[in-house]
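Report on the structure given below.
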Amino acid sequence: MTAPALVIAVPSKGRLKDQAARMFEQAGMPLRVKGHERGYRGQLEGLDRVEVEYTSAAEIVHQLKAGRVHLGITGEDLIRETLADVDGTVEFLAPLGFGHADVVVAVPDCWLDVSRMADLEDVAAQFARAHGRRLRVATKYMNLTRRFFARMGVTGYRIVESVGATEATPATGTSELIVDITTTGTTLRANRLKVLEDGLILKSQAHLLASRVATWTPAAAKLRDKILVRLSSN
């Protein structure tokens with residue numbers, strides 16, 4: 001059996017998996033799973049030396065970082081949260097038009113005087129005087145949060161790592177505000193939260209990315225270009 005010249009990592013479950021499969025199908029190179037239907041390897045029909053690796057969207061970031069795969073499909077939010085040197089580790093080849101999600105700062109809607117990040121710094125100072133501690137921000141996006149809050153001049157907070165439903169933490173008393181992803185805002189509104197006017201941290205979507213640290217042979221580069229041409233012409 002000929003060894004693969006190029007390995008591409010594709011999400012193994014959920015909407016991203018289905019949308020990626022539809023994208024490749026429409027581009028004339030359908031995904032085919034090797035072996036049984038729950039297998040973790042596959043191929044792109046018509047490109048014999050391309051191997052598809054099915055794994056989680058989060059793990060794809062680490063695979064790209066380690067150079068174990070040449071290409072990967074995952075969300076920009078995961079890339080920018082996980083990688084310290086984004087530009088030195090991956091190349092953004094193409095936005096894919098699915099997997100849209102905004103990373104936002106949201107506060108209780110009863111905070112009537114808080115509409116912008118500058119207001120949040122004022123509230124943090126008042127909160128510290130009244131309660132003797134900093135505002136708690138629940139999030140799974142700790143690095144994005146720290147960078148954004150620093151850029152906006154907000155310092156009076158501490159991060160509470162969220163392992164469950166982040167949007168519920170203010171109501172349960174485990175945080176005062178959150179940084180989370182949203183698509184329609186419905187879940188935030190259901191939990192009586194509002195997005196700050198300047199609280200958009202990142203407009204994310206799924207991207208096709210190339211690892212800058214993988215071994216790029218001429219054959220791998222040629223296959224990459226073929227995939228890009230087919231996707232762009234779809």
> Using a cut-off of 28 Å between alpha-carbon atoms, which lysines can reach K194, once sequence neighbours fewer than 8 places away in the same chain are excluded?
Replying inline: K140, K203
>> Placing +1 on the Cβ of each Lys and Arg and -1 on the Cβ of each Asp and Glu in region 89-226, which of H207, G97, T139 has its Cα farthest towards the positive end of the resulting dipole?
In response: H207
>> I need to check one value: relative contact order of the chain, counting alpha carbon pairs closer than 8 Å and at least 6 residues apart, in percent.
In response: 28
> What span do the alpha-carbon atoms of region 101-204 cover on each of the three principal axes, reported in whole Å from largest to smallest?
Replying inline: 35, 28, 26
> How large are Rg and Dmax for region 30-158 when only the alpha carbon atoms are used, in Å?
Replying inline: 20.7, 66
> Under unit Cβ charges (Lys, Arg +1; Asp, Glu -1), what dipole magnitude, rounded to 20 debye, does region 1-93 have relative to its Cα centre?
Replying inline: 380
>> I'd like the chymotrypsin sites (Phe, Trp or Tyr not before Pro) in region 10-70 restricted to DSSP loop residues with at most 14 other Cβ atoms within 10 Å, sorted by number.
In response: Y40
>> Can you give the FRET efficiency to the nearest 0.05 for A3 and D87, using r as the Cβ-Cβ distance and R₀ = 22 Å?
In response: 0.15
> In debye to the nearest 20, how big a dipole does region 101-204 give about its Cα centre with +1 on each Lys and Arg Cβ and -1 on each Asp and Glu Cβ?
Replying inline: 320
> So which trypsin sites (Lys or Arg not before Pro) in region 1-79 pass both tests, a DSSP loop state and at most 10 other Cβ atoms within 10 Å of the Cβ?
Replying inline: R38
>> What distance in nm separates the two pseudo spin-label positions at E45 and R32, each 7 Å out from Cα along the beta-carbon direction?
In response: 0.8
>> Between A165 and R116, how high is the FRET efficiency from 1/(1 + (r/R0)^6) when r is the Cβ-Cβ distance and R₀ = 35 Å? Nearest 0.05.
In response: 0.85
>> Quick check for me: using +1 on Lys/Arg Cβ and -1 on Asp/Glu Cβ, what's the dipole size of the chain about its Cα centre, in debye to the nearest 20?
In response: 480
>> Nearest 10 degrees is fine. How inclined is helix 57-66 to the longest principal axis of the chain, computing both from alpha carbons?
In response: 70
> Once both labels are modelled 7 Å past Cα along the beta-carbon direction, what's the W216-S232 spacing in nm?
Replying inline: 1.4
> What residue among A214, A58, A165 has the largest mean-square fluctuation in a Gaussian network model of the chain, using Cα springs under 10 Å?
Replying inline: A165
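FYI, it's all coordinate maths here, none of it is from the lab. Just so it is clear, the structure is predicted and the values come from calculations on it, not from any experiment. Please note: Cβ atoms are built from the backbone with ideal geometry, for glycine as well, and neighbour counts cover all protein chains shown.
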